Amino acid sequence: KQMENSDQAGFASREAESAAKGKLRGFGVAAYIEACGIAPSNLVGQLGARAGLYESATVRVNATGSISVMTGSHSHGQGHETAFPQVVAEMLGIDESQVEIVHGDTSKTPMGMGTYGSRSIAVGGSAMVRATEKIINKAKKIAAHLMEAGEGDIEFANGQFSVAGTDKAVAWGDVCLAAYVPHNYPLEELEPGLEESAFYDPANFTYPAGAYACEVEVDPDTGKVEVVAFSAADDFGNVINPMIVEGQVHGGVGQGIGQAMLEHCIYNADGQLVTGSYMDYAMPRADDLPMIQVDHSCQTPCTHNPLGVKGCGEAGAIGSPPALVNAVIDALQRGGKDVKHIDMPLTPSRVWAAMNA
């Protein structure tokens, strides 16, 4: 799939165009697989961890039918406030705008083990699913009472409860109201209110995987590398929000290209860090990056969490550095240089030195 996406078949003509400009062109690929969705508590316990790596969620339905979801999975820019409501809203058949995500305050949120290792949607999101399932199960009992039907005959879809095989139906909002204004409510069987919590401990890691391809042009006179094309093909399982996933991959590739070409901690002879600020430490900027082609269409859903998701946070940063380095090595070898390895970052001086060793 990646060879098709990156047009490997047309590389020879692009190499000739680069040669006409006096540049060396290289093509590099890298495949990766990572362990994410950290992690089953019984496994990390055997490895010495002194915490369980579950996540928890509390789903509170308000009398108006809107939802407050309290989560221990804190966001630091990944778009939780967009993706998490999509999960709950789709299950309940309501609009995402009716779902509020509450996080960041330990006095108001349930226990959480952090946002890292691409675990937010796979573990935190799964806790939300389990809590929402409890909400639906209780709401079915309320709906059965309202429609004078057996609980086993109640179906729920698209925000509406119905009695199987009949035209009897009651809306989500009516059930929510009954839970908080229990004038017609099975008080002898159910407590009023509609709020549930769940703890989810993953059965296994998730395993995102992918293949990345990079094309570079190298100036043989200076050693300067320019990334001219980059494509990423990933298997993230089911995707909740494609735009967020694409942004995650873009950010990861940017980070990986920065690591491969620019970023370096340098100390002087006295042990003083001389790249201690962004005035001295080279971060990637827009003109260091190409347009990035992203493909996450080749999905095999995760088999052991309720969403079938694998996570995508680190993928771009894992696959991009080796793809870029391989492309530079390929360019030099095509130019007749016997170069098999260059330490990152591939600064012009390092690439020039490798070509002229």
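The values are calculated or read from the model by the stated rules, or taken from the named source; none is laboratory data. The model shown is predicted, which means the values in this text are computed figures rather than measured ones. Please note: Cβ atoms are built from the backbone with ideal geometry, for glycine as well, and neighbour counts cover all protein chains shown. These area figures cover heavy atoms from the full protein model, side chains too; ligands, DNA and RNA do not enter into them. Shrake-Rupley method; radii C 1.70, N 1.55, O 1.52, S 1.80 Å.
Pull up segment 217-252, narrow it to residues that are closer than 16 Å to Phe27 by Cα, under 25 Å from the mean Cα position of the chain (by Cα) and not polar (S, T, N, Q), then point me to the one that is surrounded by the fewest Cβ atoms within 10 Å (Cβ to Cβ).
Step by step, filter segment 217-252, then rank; the result is Ala229.
Okay, residues lined up against (1) over 30 Å from His76 (Cβ atoms); (2) open to solvent by 60 Å² or more (accessible area, probe 1.4 Å):
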site	(1), (2)
Val274	no, yes
Ala282	no, no
Val294	no, no
Thr303	no, yes
Val309	no, no
Leu324	no, no
Ser349	yes, yes
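Which pairs turn up if I take residues in segment 205-218 that are in a loop (DSSP other than H, G, I, E, B) and look for partners that are among the acidic types (Asp, Glu) and at pLDDT below 95 with beta carbon separation below 9 Å, at least 6 apart in sequence or on another chain?
Pairs found: Pro208/Glu314.
Only one residue in Ala286, Ala317 is open to solvent by less than 50 Å² (accessible area, probe 1.4 Å) and either within 30 Å of Gly26 (Cα to Cα) or in contact with a strand residue (DSSP E or B) (Cβ under 8 Å, 6 or more places away or on another chain) (or both). Which one?
Residue meeting the stated conditions: Ala317.
Among the candidates Val61, Val69, single out the residue that is open to solvent by less than 40 Å² (accessible area, probe 1.4 Å), farther than 20 Å from Thr206 by Cα and in contact with a Phe, Trp or Tyr (Cβ under 7 Å, 6 or more places away or on another chain). Before the answer, list the steps.
Values: Val61 fails: in contact with a Phe, Trp or Tyr (Cβ under 7 Å, 6 or more places away or on another chain).
Of the residues listed, the single one that is open to solvent by less than 40 Å² (accessible area, probe 1.4 Å), farther than 20 Å from Thr206 by Cα and in contact with a Phe, Trp or Tyr (Cβ under 7 Å, 6 or more places away or on another chain) is Val69.
Where residues in segment 197-216 are of a type in the set (A, V, I, L, M) and within 17 Å of Asp295 (Cα to Cα), which of them is surrounded by the most Cβ atoms within 10 Å (Cβ to Cβ)?
Ala213
Look through segment 39-58, keep the residues that are out of contact with any strand residue (DSSP E or B) (no Cβ under 9 Å at 6 or more places or on another chain) and aliphatic (A, V, I, L, M), and return whichever of them is surrounded by the most Cβ atoms within 10 Å (Cβ to Cβ).
The selected residue is Ala39.
For Val170, all conditions in the list (1) open to solvent by 30 Å² or more (accessible area, probe 1.4 Å); (2) not in a helix (DSSP H, G or I); (3) not small (Gly, Ala, Ser) hold save one; what is the number of the exception?
Here Val170 clears every test but (1).
For Ala122, indicate whether it is of a type outside the set (D, E, K, R) and either touching a strand residue (DSSP E or B) at 6+ places or on another chain (Cβ under 7 Å) or surrounded by fewer than 17 Cβ atoms within 10 Å (Cβ to Cβ) (or both). Break it down into steps so the answer makes sense when it comes.
Working: of a type outside the set (D, E, K, R): yes; either touching a strand residue (DSSP E or B) at 6+ places or on another chain (Cβ under 7 Å) or surrounded by fewer than 17 Cβ atoms within 10 Å (Cβ to Cβ) (or both): yes.
Against the criterion (of a type outside the set (D, E, K, R) and either touching a strand residue (DSSP E or B) at 6+ places or on another chain (Cβ under 7 Å) or surrounded by fewer than 17 Cβ atoms within 10 Å (Cβ to Cβ) (or both)), Ala122 qualifies.
For a quick check of your reading of the model, give me the residue pairs whose first member lies in segment 278-301 and is in contact (Cβ under 8 Å) with a residue 24 or more places away in the chain and among the hydrophobic types (A, V, I, L, M, F, W, C), whose second is in a loop (DSSP other than H, G, I, E, B) and open to solvent by 80 Å² or more (accessible area, probe 1.4 Å), with beta-carbon atoms closer than 7 Å and at least 6 apart or on different chains.
Cys298/Lys1
Consider segment 334-353. How many of its residues are free of Cβ contacts under 8 Å to residues at least 24 places away in the same chain and farther than 20 Å from Ala31 by Cβ?
6
With respect to the numbered conditions (1) farther than 15 Å from Gly311 by Cβ; (2) buried (at least 21 other Cβ atoms within 10 Å of the Cβ), which one is the sole condition not fulfilled by Gln255?
Answer for Gln255: the failing condition is (2).
Among the residues of segment 142-162, count how many are within 36 Å of the chain's Cα centre (by Cα) and open to solvent by 80 Å² or more (accessible area, probe 1.4 Å).
3
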